[in-house]
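The values are calculated or read from the model by the stated rules, or taken from the named source; none is laboratory data. None of the values given here were measured: they were computed from a predicted structure. Note that each Cβ is placed from the backbone with ideal geometry, even for glycine, and that neighbours are counted across all protein chains shown.
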Amino acid sequence: MRKTFSFFNQKGGVGKTTSVVNLATIMAGLGKKVLIIDLDSQGNATSGVGIDKNENESTAYQLLVENSDPNTSIKKTAIENLWIIPANAHLAGAEMHLIGQDKREFVLREQLKKISDDYDYIFLDCPPSLGLTSINALTASGYIIIPLQCEYYALEGLGQLLNTYQLVKKNLSAELELGGVILTMADVRTNLTQQVIEEVRNYFKEKTFQSVIPRSVKLSEAPSFGKPAVLYDPHNRGSLAYAALGKEFLMRFGSDDDRRELAAKAKEVVAPAVAEEIQAEELAPENETSQPAPTNANT
Ligand code: ATP
Ligand code: MG
């Protein structure tokens, strides 16, 4: 369970799936065996790693509802070291079935026990709800990772989220810890973003990852190519930020060997350096086709 992470926020569209897909790909690139479990019937993590959502006989639905052997649901992606248990629209009906099951909050946890030794990290892409699927994710996880969008309403709903986390920890799974908070979709040119970042850092202290994910068109268009942005366009500022986050993640959750190895490569790592680079780039917006203004040449 220590290596299983729930990317969780009941708010929709805050960057859960984008973070799961890109961070998992970075970790896989660092040589870790990573399994994503798509727990959202939208199936965005599934298509985000290039798997057709509608061509899977066995998915997270079978895993949760039919108690099928998890191995039959695992699909190898085209990315080395990265596997996924896909999801599609069927999953929307899973909670109805789960309600009637014995130990319904622990179905996923029991299933993951059968396969967790095969992976270094398991990332659970939660749906935007506090329902039974999310509860199953939390009880199966060692850590909760909260993506927060840098916007005015970022902290709205956070009380409810933390309350759910505390209730699960108190009543269902004492092992669950807050692993970290990822600030997403930052537009560092605005005061509002700066204020949100400051407020979140004040509240969550060192749990907040240093690497802030900027708003990036490349991050949002990569899914339509069925490729994580960090592979589709590794050098854009969004991908660089996820690469920095990946290293930070490994520093936080990896083994002593991982940390030693990263420290040895510190020059090319250091998250703050990447953050500075991102800030510098922010001054020159990504997709601006900076044509020179037409001059009124004398004719
Ligand atoms: P849901 O709650 O619906 O599952 P989510 O929390 O998983 O949503 P994403 O799907 O990762 O959020 O992101 C929501 C939308 O914002 C997507 O269209 C995604 O491509 C886009 N997006 C995510 N992160 C960024 C970013 N840093 N810059 C620009 N667009 C982004
Ligand atoms: Mg999602």
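Once region 184-209 is narrowed to residues that are of a type in the set (Lys, Arg) and out of contact with any helix residue (DSSP H, G or I) (no Cβ under 8 Å at 6 or more places or on another chain), the residue that is nearest to Asn22 (Cα to Cα) is Lys207.
Please find, within region 37-53, the residue that is farthest from ligand 2 (Cβ to nearest atom) out of those that are assigned to a loop (DSSP other than H, G, I, E, B) and farther than 16 Å from Val230 by Cα. Among residues in region 37-53 that are assigned to a loop (DSSP other than H, G, I, E, B) and farther than 16 Å from Val230 by Cα, the one farthest from ligand 2 (Cβ to nearest atom) is Asp52.
Conditions (1) more than 29 Å from Arg109 (Cα to Cα); (2) among the β-branched types (Val, Ile, Thr); (3) within 16 Å of ligand 2 (Cβ to nearest atom); (4) crowded, with 24+ Cβ neighbours inside 10 Å, marked per residue:
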{"site": "Thr193", "(1), (2), (3), (4)": "yes, yes, no, no"}
{"site": "Asn202", "(1), (2), (3), (4)": "yes, no, no, no"}
{"site": "Ala222", "(1), (2), (3), (4)": "yes, no, yes, yes"}
{"site": "Asp233", "(1), (2), (3), (4)": "yes, no, no, no"}
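It is to be established whether one or more residues within region 75-84 are touching a strand residue (DSSP E or B) at 6+ places or on another chain (Cβ under 7 Å), among the polar types (S, T, N, Q) and surrounded by 15 or more Cβ atoms within 10 Å (Cβ to Cβ). Scanning region 75-84 turns up at least one residue that is touching a strand residue (DSSP E or B) at 6+ places or on another chain (Cβ under 7 Å), among the polar types (S, T, N, Q) and surrounded by 15 or more Cβ atoms within 10 Å (Cβ to Cβ). Restricting Leu183, Leu167 to residues that are within 26 Å of Leu130 (Cβ to Cβ), without any contact (Cβ under 8 Å) to a residue 60 or more places away in the chain and within 13 Å of ligand 1 (Cβ to nearest atom) narrows the list to Leu183. Screening the candidates Asn56, Asn67 for the property of being assigned to a loop (DSSP other than H, G, I, E, B) and buried (at least 20 other Cβ atoms within 10 Å of the Cβ) yields one hit, Asn56. Tally the residues that are within 15 Å of the chain's Cα centre (by Cα) and either more than 15 Å from ligand 2 (Cβ to nearest atom) or part of a loop (DSSP other than H, G, I, E, B) (or both), restricting the search to region 124-140. Residues meeting the conditions: 4. A count restricted to region 131-152 and to residues that are free of Cβ contacts under 8 Å to residues at least 60 places away in the same chain and surrounded by fewer than 21 Cβ atoms within 10 Å (Cβ to Cβ) stands at 4. The numbered conditions (1) touching a residue at least 40 places away in the same chain (Cβ under 8 Å); (2) out of contact with any helix residue (DSSP H, G or I) (no Cβ under 8 Å at 6 or more places or on another chain) are all true for Thr25 except (2). When Phe5, Phe106 are screened for being within 16 Å of ligand 2 (Cβ to nearest atom), at pLDDT 95 or above and either under 30 Å from Glu261 (Cα atoms) or part of a helix (DSSP H, G or I) (or both), only Phe5 passes.
Against the definition (away from ligand 1 (no atom under 12 Å from the Cβ), modelled with pLDDT under 95 and among the acidic types (Asp, Glu)), how does Glu156 come out, yes or no? For Glu156, the condition - away from ligand 1 (no atom under 12 Å from the Cβ), modelled with pLDDT under 95 and among the acidic types (Asp, Glu) - is met. Could you say which residue among Tyr143, Tyr121, Tyr153 is touching a helix residue (DSSP H, G or I) at 6+ places or on another chain (Cβ under 7 Å), more than 15 Å from ligand 2 (Cβ to nearest atom) and aromatic (Phe, Trp, Tyr)? Criteria check complete, one pass: Tyr121.
So which residues in region 176-216 are at pLDDT below 95, part of a loop (DSSP other than H, G, I, E, B) and either of a type in the set (Lys, Arg) or under 30 Å from Arg2 (Cα atoms) (or both), if there are any at all? Within region 176-216, just Arg189 meets the criteria. The residue list Glu80, Glu66 contains one member that is modelled with pLDDT of 95 or more, away from ligand 2 (no atom under 12 Å from the Cβ) and of a type in the set (Asp, Glu), which is Glu80.
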